[in-house]
Amino acid sequence: MVEARTFGQAAGMKGMNVKQDLSPGESFLYPYRVLDLSDEKGYMCGKILGGLGADVIKIEPPGGDRARNIGPFYQDIPDRERSLFWYAFNVNKRGITLNLEMPRGREILKRLANTADFIIESFPPGYLDDLGLGYATLRHINPKIIFTSISPFGQSGPRRDFKGSDLICWASSGYMGLCGETIRSPLQISLPQAYLHGGAEAALGAMVAFWARQITGKGQHVDVSIQESIAWECLNAFANWDLNSLILKREGAYRVFGPYRIRYVYPCKDGHVIFLLLGGHIGARGQRALCAWMNREGMADDFLNHFTWDTFDASSYDDVLARQLEPRFESFFLTKTKEELYAGARQMQYLLAPINTVRDILEDPQMKARDFWVKIDHPEWGTVLTYPGPPFKSSASSWKQYRRAPFVGEHNEEIYSEALKFSQDEIRSLRGAGII
């Protein structure tokens, strides 16, 4: 029962203006349809499916999703139509408004579900069931529907009804306990991104279910716990116990290998680098060359000049020696930029790499050469914004990123009239009644 659908054969797609320059051969999921009912916990899932070519319809309550109030805002002007957070994670989607709390709104969603292939939702577990819109109901309307639920702790278990912010999800996963300095409290992971892990795993789960549907012809319910999604980031900690009977702890700029605590992160003139002291057959040549460079600039003392890198290895390395070596290299690195140190590493073959900032990534020549960054027109602002591009490249179909995120209800008439055949009078009536 393998599916083979061309444009126009997908349920409800006839006459839909998805994008004129997309065709079945150019995109993985064109013209399959996604109904995205999620809040910020699920935006990434819809973004990924949209990048794969699906027609993603973002459904918001009348007045707009509350995440539109999340900054930063374009030109620092707070406005629900200027949230750069919203634009970043809802690119490639069309947008409609629909009030699911009203009986007529629920009826409309059921009709839309009959035209869809995927549904993404991130409501509290049981909320859609109480409205008669859960998987148990919608699968009878559309047996092929792939219904993906994203929540902090999943649809079952003693914590299924607990709320979970980004910080709570990181803390509950175990990974936050590994981040930060040993003598200080655990740290949150940079900008909020727990939901992005959950959304990415949800997209993966939805695609696995979609593959199964190609074989069986039946959809299924995909249940994603954000806590469990992030717990996968702890795999190294789990394996460390199995291999070394060692419980990993947060070490800041250091890493622990058996009895040794080795520094990885060093400051330099314009940021930070990762540097690994390595001797023996592999590292001796590079370390000697680096020390010779330091000596030419008067920054290598007798200790470094007479150090025997050929015999330096894990068997001779301990915390006392490490604390003697590390400050000497740190002092030198502070006189050089990341690029100077990296150029030296490429030439001399010592183990060092720059730690990029966001600006570094934006200006990175490798990513520019691969056309990673994508320009999307924003005529409403009279400008073009730069977005991160595809996470992979394919020799046939490819990732598409062509449509800015929708305004509130921007595609109401387009979708309701073409997908559900509502007349203009019906659409005005629905709008007046607060249903859309």
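Can you tell which of 360, 364, 425, 377 is touching a strand residue (DSSP E or B) at 6+ places or on another chain (Cβ under 8 Å) and over 30 Å from residue 261 (Cα atoms)?
Selected residue: 377, the only one of 360, 364, 425, 377 that is touching a strand residue (DSSP E or B) at 6+ places or on another chain (Cβ under 8 Å) and over 30 Å from residue 261 (Cα atoms).
Looking only at residues in region 398-422 that are free of Cβ contacts under 8 Å to residues at least 40 places away in the same chain and not in a loop (DSSP other than H, G, I, E, B), the one that is farthest from residue 64 (Cα to Cα) is 417. For region 82-92, indicate whether the set of residues that are over 17 Å from the mean Cα position of the chain (by Cα) and surrounded by fewer than 24 Cβ atoms within 10 Å (Cβ to Cβ) is non-empty. Scanning region 82-92, I find at least one residue that is over 17 Å from the mean Cα position of the chain (by Cα) and surrounded by fewer than 24 Cβ atoms within 10 Å (Cβ to Cβ), so the answer is yes. Flag set for residue 111, criterion: in contact with a Leu (Cβ under 7 Å, 6 or more places away or on another chain), charged (D, E, K, R) and either in a helix (DSSP H, G or I) or on the phi > 0 side of the Ramachandran plot (or both). The residues in region 276-299 that are surrounded by 12 or more Cβ atoms within 10 Å (Cβ to Cβ), out of contact with any Leu (no Cβ under 9 Å at 6 or more places or on another chain) and touching a residue at least 12 places away in the same chain (Cβ under 8 Å) can be counted, and the count is 7.
With exposed (fewer than 14 other Cβ atoms within 10 Å of the Cβ) and not assigned by TED's automatic domain parsing to the domain that holds residue 46 as the only criterion, which of 247, 183, 215 stands out?
Every option except 247 fails the conditions.
Residue check: residue 253 meets all listed conditions (1) closer than 27 Å to residue 152 by Cα; (2) in contact with a His (Cβ under 9 Å, 6 or more places away or on another chain) but one, namely (1). Entry remark, region 138-154: residues being closer than 23 Å to residue 65 by Cα and either assigned to a loop (DSSP other than H, G, I, E, B) or polar (S, T, N, Q) (or both) number 6 in total. What are the residue pairs meeting all of these: first residue in region 206-218, first residue small (Gly, Ala, Ser), second residue at pLDDT below 95, Cβ atoms under 7 Å, and 6 or more apart or on different chains? Final answer for the pair search is 217/1. Of all residues in region 364-380, those that are over 30 Å from residue 406 (Cβ atoms) and either touching a Lys or Arg at 6+ places or on another chain (Cβ under 7 Å) or exposed (fewer than 14 other Cβ atoms within 10 Å of the Cβ) (or both) total 3.
Could you check region 301-347 and list, in sequence order, the residues that are of a type in the set (A, V, I, L, M) and at pLDDT below 95? Show your work before the answer.
Residues of region 301-347 of a type in the set (A, V, I, L, M): 304, 314, 320-322, 325, 334, 341, 343, 345.
Within region 301-347, 304, 314, 320, 321, 322, 325 qualify.
When 141, 150, 145 are checked against the criterion of being more than 18 Å from residue 197 (Cβ to Cβ) and either at pLDDT below 95 or surrounded by 18 or more Cβ atoms within 10 Å (Cβ to Cβ) (or both), 145 stands alone in meeting it. Among the residues making up region 114-137, those that are in contact (Cβ under 8 Å) with a residue 60 or more places away in the chain and part of a loop (DSSP other than H, G, I, E, B) are 114, 115, 116, 117, 122, 123.
When restricted to residues that are of a type in the set (Asp, Glu) and surrounded by fewer than 14 Cβ atoms within 10 Å (Cβ to Cβ), region 323-338 contains 0.
The values are calculated or read from the model by the stated rules, or taken from the named source; none is laboratory data. All figures in this text were calculated on a predicted structure; none of them were measured in a lab. Cβ: placed from backbone, ideal geometry, glycine included. Neighbour counts: every protein chain shown.
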